[in-house]
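Student: Quick one: this structure, given as structure tokens, is what I'll be asking you about.
No lab work stands behind these numbers, since they all come straight from the coordinates. None of the values given here were measured: they were computed from a predicted structure. Positions of Cβ are generated from backbone atoms using ideal geometry, with glycine treated the same way; all protein chains shown enter the neighbour counts.
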Amino acid sequence: AKGKPTRDNIALIGFMATGKSSVGRRLALALNWEFIDTDEEIEKVSGLSVAEMFQRHGETRFRSEENLVLRRLGRMRHYVIATGGGMVVNEENRGLLAERALIISLYAPLDKILERVGDRAQRPLLRGPREKIEALWQARQSVYGQADLIVDTSELDVDGVVREILREL
Ligand code: S3P
């Protein structure tokens, strides 16, 4: 049954380069909570960077690693979880996160995202023509909209987003 979302943990979702990891790290510091980044967990467990995993084993393998990370989380309290941008595309993953955490979505329009992202080498899905990235951004908006709180990061820096979240908690 869907009740009031738990406030024991916070999960950050949203498109690539919306600031999930940077905001998550700083939010965890501000709350004095633990921080976990699902991409980093996958990298630790596999010994491969995200880009290497895509290259060697393909996106499908990466998606199953993402699911495993969430299943392994178990009981947790006072964690900020930064997810990879594709994590919540999977319905089971959405459920696993929602059971454990208040879901906060970081929004940015595509132009801001392309402006912010520096090194695309580590983000296989940000390579290629703008139309392709735009289609992905567009297709993801409805899942990113399914959140307990949506923060528009367009005009905010990392601290600004953290302040906004703290205000809404
Ligand atoms: C992905 C986002 C990335 C990473 C992978 C795939 C996606 O994480 O998980 O490259 O499908 O949106 P960030 O959102 O932290 O860049």
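Student: Among the aspartates and glutamates, which have Cα under 20 Å from the Cα of K132 when same-chain residues fewer than 8 positions away are ignored?
Tutor: Of all the aspartates and glutamates, those that pass the test against K132 - Cα under 20 Å, at least 8 places apart if same chain - are E59, D111, E115, D119.
Student: How long is the gain from D8 to R163 if the chain were fully straight, where each residue apart is worth 0.36 nm and the alpha carbon distance is subtracted?
Tutor: Working: separation 155, 0.36 × 155 = 55.80 nm, distance 1.86 nm.
So the chain would gain 53.9 nm between D8 and R163.
Student: Exposed loop sites here are trypsin sites (Lys or Arg not before Pro) in DSSP loop states with at most 11 other C-beta atoms within 10 Å. What is the longest stretch of the chain lacking them? Present the calculation step by step, with values, prior to reporting the outcome.
Tutor: On the way: sites that count: K2, R7, R75, R77, R127.
Maximal segment without exposed cleavage sites: 8-74.
Student: What does the charge add up to near L166, with Lys and Arg as +1, Asp and Glu as -1, over the other residues with Cβ less than 12 Å from its Cβ? List each step's numbers first, then the result.
Tutor: On the way: positive: R26, R163, R167; negative: D159, E164, E168.
Combined, the nearby Lys, Arg, Asp and Glu give 0.
Student: Among S142, S22, S105, which one shows the highest mean-square fluctuation when the chain is modelled as a Gaussian network with alpha-carbon springs under 10 Å?
Tutor: Looking only at S142, S22, S105, the biggest GNM fluctuation is shown by S142.
Student: A further question follows. What aspartates and glutamates sit close enough to K44 to cross-link, taking a C-alpha to C-alpha distance under 16 Å and skipping anything fewer than 8 places away on the same chain?
Tutor: Of all the aspartates and glutamates, those that pass the test against K44 - Cα under 16 Å, at least 8 places apart if same chain - are E52, E65, E66.
Student: Under the rule of -39500 (n - 2.57) per DSSP H run of 4 or more residues, summed and divided by the residues of the chain, what mean residue ellipticity at 222 nm is obtained, to the nearest 500 deg cm²/dmol? Could the numbers behind the result be given before it?
Tutor: Numbers: 7 runs with 88 residues, N = 169.
Per the formula, -16500 deg cm²/dmol.
Student: For the chain, count all C-alpha to C-alpha pairs, find those more than 21 Å apart, and express that count as a whole percent of the total.
Tutor: Values: 6379 of 14196 pairs.
Counting pairs separated by more than 21 Å, the tail of P(r) holds 45 percent.
Student: Further, regarding this structure: Pop a pseudo-label 7 angstrom from the Cα along the beta-carbon direction at both E59 and H78 and give the gap in nm to one decimal.
Tutor: Those two pseudo-labels are separated by 3.9 nm.
Student: Something else about it: Give me the aspartates and glutamates in straight-line cross-link reach of K20: C-alpha distance below 13 Å, same-chain residues under 8 apart excluded.
Tutor: Straight-distance partners of K20: D37, D39, E40, D152, D157, D159.
Student: Go through region 106-169 and name the GluC sites (Glu not before Pro) that are in a DSSP coil and have 15 or fewer other Cβ atoms within 10 Å of their Cβ. Mind dumping the intermediate values first?
Tutor: Working: sites: E115, E131, E134, E155, E164, E168; in loops: E155.
Counting only loop positions with at most 15 other Cβ atoms within 10 Å, the GluC sites (Glu not before Pro) in region 106-169 are E155.
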